[in-house]
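Note sheet for the following structure.
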Amino acid sequence: MKSQEIIPELSNGEHTQFIFNDICLSEPANPLNAGDLKEAISKAIELDERPVFLEGLAKRLCQLGVECTFSDTDIMLSEVKRRFTDILGKTCPRTVRDWIRGTTPGFTNHLNNYDICYALEMNYAQTAEFFQKYYLTLPWNCKNKTDAIFMYCLWHKKPYSTVKYMLDEAKCFVPQENAHTSTSQIMSDIISFDDEKMFMKYLSCHCFENEQQFMTARNIIKEEVEKVKKIIRDRSALEIISPDRLNSMTIEALLGYRYQSDESPRNKKHLKKLPKRFVESLPNDVTLGKILNDEKASYETLRKTLIILKLFNFYHDAENPVEDITANMMDFYDSLNPVLSYCGFSRIYPFHPFDCLILYCTNSYDPLITLSYIQDIDD
């Protein structure tokens, strides 16, 4: 079974479809028009500030008979705390309490994300949808033992007591050094096990550190980076360019400037006016080098790096006259989504502020210049 079938394609709700239509089916943007760029940033910031997690939480609690809206944080917190105690047999952690009070959920450690879904009595499909729509990330990174255990237990409808004992037993599993088995194959294998002991034995041989995860994405990124570097070499007057310098020039080509550190004065200024979910985890010199050297890199950094590379290489090669803007945009959209799914990443979702601005760039006279100017426009 393919990973795309294990994680069904997310359908757009009415509001999400409205955002897609507003971004992609409106008049193409002019990157030289500051008004167009500010409008795009304003729309993305509005999405960034929308409490999507609380909206999803309130919707699910209403389905369970607890009437509330996303602003009824006291009601939601009380019910979630009760469910953690009654269903999971544990105290609701501070991190989850903070999420309900308004902090944007993180996903460095998926344990809390999955625990909420279990506490809200979601099944496998409902959990997958909740992750994508309300956490704005993808579940089932099955090369991680926590994700693999939750995937197994939700697919096979196991009680939380099974999750707990498996997590405890997996603490002693030694991460494997080489990831020879593809993510899609591991997914298929996990759902095929009926016997818990067989699954745990399999898991002990197929859990990996961050460096061994998303190897397909890393390999595609390396291929795309080489295309960009070839373009840079062809343009450069320098005969010899050091690897570090070439990485810096690659980032400059992709983003339109030398994005080196979140702490630089330039980046501090621009972090304030762009959506947080757009800016955070953008590739820079250091993270690009880590990806190319198979070192630790976050899910978000890998996904954003891949999308930006695909955008650059697609539009560097494409003619983009006014009459072809929509066709090119849809070709890019249709070619990118299968690659994201193949890599184990979320497909383009207009409700995500980063994805929203990328789609906006594709519906413009020059997507690469638009991406650069969005980050350089004055307040």
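The values are calculated or read from the model by the stated rules, or taken from the named source; none is laboratory data. It should be emphasised that the depicted structure is a prediction, and the values quoted were computed from it without experimental measurement. All Cβ positions, even for glycine, are placed from backbone atoms using ideal geometry, and neighbour counts span all protein chains on display. Side chains are part of the model used for accessible areas, which takes the heavy atoms of the whole protein and leaves out ligands, DNA and RNA. Shrake-Rupley method; radii C 1.70, N 1.55, O 1.52, S 1.80 Å.
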TODO: Starting from one equal scatterer on each C-alpha and no solvent at all, send me the Debye-based log10 I(q)/I(0) for the range 68-146 at q = 0.14, 0.18 Å⁻¹, two decimals.
DONE: -0.45, -0.76
Open item on the list: Taking amide H atoms as placed 1.01 Å from N in the peptide plane, list the residues 5 or more away in sequence, or in a different chain, whose amide H sits under 5 Å from that of Ala29.
Closed with: Ser364, Tyr365
Task: Protein accessible area in the range 121-213, 1.4 Å probe - carbon and sulfur % - done: 49 percent
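Given Cβ point charges of +1 (Lys, Arg) and -1 (Asp, Glu) and nothing else, what value in debye, to the nearest 20, does the dipole of the chain about its Cα centre take? The partial results should precede the final answer.
On the way: 44 positive and 55 negative charges, 247 e Å.
Dipole of the chain, to the nearest 20 debye: 1180 debye.
Can you give me the relative contact order of the chain as a percent, contacts being Cα pairs under 8 Å and 6 or more apart?
On the way: 431 pairs, mean separation 93.2, N = 379.
Contact order relative to length: 25 percent.
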Task: Using alpha carbons only: equivalent-ellipsoid semi-axes of the chain, gyration tensor based, whole Å - done: 36, 26, 18
- [ ] Please state the charge dipole magnitude for the range 152-252, taken about the Cα centre, from unit charges on C-beta atoms (+1 on K and R, -1 on D and E), reported in debye and rounded to the nearest 20.
- [x] 180 debye
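Helix-only estimate, please: 222 nm mean residue ellipticity of the chain, summing -39500 (n - 2.57) across DSSP H runs of length 4 or more and dividing by its residues, to the nearest 500. Can you show the working numbers first?
Details: 21 runs with 227 residues, N = 379.
So the calculated ellipticity at 222 nm is -18000 deg cm²/dmol.
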Open item on the list: Among 225-231, 363-369, how do they line up by average Cβ neighbours within 10 Å per residue, starting with the highest?
Closed with: 363-369, 225-231
TODO: Please list, in chain and number order, the residues 5+ apart from Gln176 or on another chain whose amide H is under 5 Å from its amide H, with Hs placed from the backbone.
DONE: Cys207, Phe208, Glu209
TODO: Keeping all protein chains in place, calculate the accessible area per residue for the chain (probe 1.4 angstrom), answer in Å².
DONE: 47 Å²
Open item on the list: Using the Cα atoms of the range 126-168, I'd like the radius of gyration and the largest Cα-Cα distance, Dmax, both in angstrom.
Closed with: 10.6, 30
Open item on the list: Explain nothing, just the number: dipole magnitude of the range 303-344 about its Cα centre with +1 on each Lys and Arg Cβ and -1 on each Asp and Glu Cβ, in debye rounded to the nearest 20.
Closed with: 420 debye
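Ignoring any ligand, DNA or RNA, what whole percent of the accessible area of the range 60-103 comes from carbon and sulfur when the probe is 1.4 angstrom?
Values: 1170 of 2540 Å².
Here it works out to 46 percent.
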TODO: Check every DSSP H run in the chain and write down those whose alpha carbon atoms cover 20 angstrom or more along the long axis and whose mean Kyte-Doolittle hydropathy is -0.5 or greater.
DONE: 34-49, 299-317, 325-342
